[in-house]
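Written out below as structure tokens is the structure these notes cover.
The values are calculated or read from the model by the stated rules, or taken from the named source; none is laboratory data. Please read these numbers as outputs of a predicted model, since none were measured by experiment. In this analysis, Cβ positions are derived from the backbone assuming ideal geometry, glycine residues included, and neighbour counts consider all displayed protein chains. Note: areas computed on protein heavy atoms with side chains; ligands, DNA, RNA excluded. Shrake-Rupley method; radii C 1.70, N 1.55, O 1.52, S 1.80 Å.
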Amino acid sequence: RLTRQNGTRRGLTTSGSNADTLIVGGGPVGLSTAYHLATNHRDGDGSRIAIVERDPTYARSSATLSAGGIRQQFSLKENVEMSLYGRDFLRKAHDLLRVDDEEVDVQFQEHGYLFLAASRQGSEQLIRNNEVQRSAGCTDIKLLGPNELKNKFPWLNTSDIMLGSFGEKGEGWFDPWALIRGLKRKLQHMGAQFIKGTPAGAVRDELSGRVLSIDVLEEGKGAVRYDVQHVVNAAGAHCSKAMETLAGTENAKNMIAPIPVEPRKRCIFFIHCNTQQSPDIIVPQIAPLTVELDKPISDIDELDYADHELWEEVIWPALYHRVPAFGEVKVKSSWAGLYEYNTLDQNCILGFHPEMDNVLMVNGFSGHGLQQSPAAGRAAAELLSCGKFATSDLKVFSFERCLSGRPVFEAGIV
């Protein structure tokens, strides 16, 4: 038996095509899922994969409005392993994403992350984190005492610091747009179908709950129906809305297991420092700073501005304390974007939904989606093709923890 869900009617839809796998969301996570599915499980054939993206310009994309950072400094071994694969993928992107003779340069700058602890408790946590990082195979994170920090970063105020953790290699930042463009071009070369549109409804099997087809509102075409075998929710900050569309308006209200992810605002301040602490101490002149505001978004227009009161009243004083030369720092530019916030534990969700068992959720990265997108895509492709994780065991991020209310937190890590 079939049940039709959410606002489209048979007479108002046109038949599209069959898609073995339809991915909702054409950002780094969705693109990486498609890439790994085609390359690792289908001999480079992407012809049965369709990717639905509402904004192919990525003007409001979380990834392109981020700082593009990557690090391995986590306390959960699974997160470390995911970012290690992300590091390796970025290092090899020029070959992995090559089409004909054209390479992709993602501008990976391995300049490191520096975490500082000003208390005994914080220091002990950095030590425990470092042990986890090493057990996962990451040997480039070094613990530095106050004197070592002062020698390496003479512009840093270490008077109240007990310990630092610095990524000498493998951490830094890269160009999100270059990664998106490279993945998309590679997928087009492999035959994947890209659809500009928004899911507007779904047809589900009344008994099993499986999604059988999806109606996509496409520009100039209206609602187009795609028959599907699997659906991947990689809609980022909009994933809860996408899940409601798949479930159907009435069913969404009564879902036993709604996905605990909501959009939140993230501000980026690009700062410039004109001063030096002394003739012998050189202060880094340009650096990105990411600030994640812990509040939901009620109006998309909020993204038109960054919150400069936060900069003036909280961030700048803290920067000045840590780097005295930053007393003269200037904000060169600023912007705001969305990120997907997992309200349970701020870690990703990887797994099929129990009420729609052919809908795979790859959501809730809480600011880590870009850097973890290569590993998340690889894991999602394994679940789609094999029904289990094959390379890295990421069961800790399954949806079951959301159902049982058992969060998995990062310790001492932003």
Checklist entry - Is the stretch 328-343 home to any residue that is without any contact (Cβ under 8 Å) to a residue 40 or more places away in the chain and part of a helix (DSSP H, G or I)? => result no
Checklist outcome for this item: Considering the stretch 113-131, residues that are in a helix (DSSP H, G or I) and buried (at least 18 other Cβ atoms within 10 Å of the Cβ), and then whichever is nearest to the chain's Cα centre (by Cα), we arrive at 129
Next on the checklist: From the list 179, 163, exactly one residue is at pLDDT 95 or above, buried (at least 20 other Cβ atoms within 10 Å of the Cβ) and either closer than 30 Å to residue 374 by Cβ or not aliphatic (A, V, I, L, M) (or both). Which is it?
Outcome noted: 179
Checklist entry - Restricting to the stretch 16-60, what's the tally of residues that are crowded, with 24+ Cβ neighbours inside 10 Å and polar (S, T, N, Q)? => result 3
Checklist entry - Can you tell me which residue in the stretch 161-186 is nearest to residue 119 (Cα to Cα), limited to those that are small (Gly, Ala, Ser) and in contact (Cβ under 8 Å) with a residue 60 or more places away in the chain? => result 165
Next on the checklist: Restricting to the stretch 182-221, count the residues that are part of a strand (DSSP E or B), open to solvent by 20 Å² or more (accessible area, probe 1.4 Å) and of a type in the set (S, T, N, Q).
Outcome noted: 2
Item to check | Filtered residue count, the stretch 300-327, keeping only those that are of a type in the set (Asp, Glu) and either over 25 Å from residue 236 (Cα atoms) or part of a strand (DSSP E or B) (or both) | outcome: 3
Next on the checklist: Scan the stretch 150-161 and tell me whether some residue there is in contact with a Ser or Thr (Cβ under 7 Å, 6 or more places away or on another chain) and of a type in the set (A, V, I, L, M, F, W, C).
Outcome noted: no
Checklist outcome for this item: How many residues of the stretch 146-175 are at positive phi and not in a loop (DSSP other than H, G, I, E, B)? The answer is 1
Checklist entry - How many residues are open to solvent by 50 Å² or more (accessible area, probe 1.4 Å), farther than 16 Å from residue 85 by Cα and without any contact (Cβ under 8 Å) to a residue 24 or more places away in the chain when one looks only at the stretch 132-145? => result 1
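Every residue, every condition in (1) open to solvent by 10 Å² or more (accessible area, probe 1.4 Å); (2) without any contact (Cβ under 8 Å) to a residue 40 or more places away in the chain, yes or no:
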{"site": "353", "(1), (2)": "no, no"}
{"site": "364", "(1), (2)": "no, no"}
{"site": "376", "(1), (2)": "no, no"}
{"site": "385", "(1), (2)": "yes, no"}
{"site": "395", "(1), (2)": "yes, yes"}
Checklist entry - Restricting attention to the stretch 206-252, which residues are acidic (Asp, Glu), at pLDDT 95 or above and more than 27 Å from the chain's Cα centre (by Cα)? => result 227
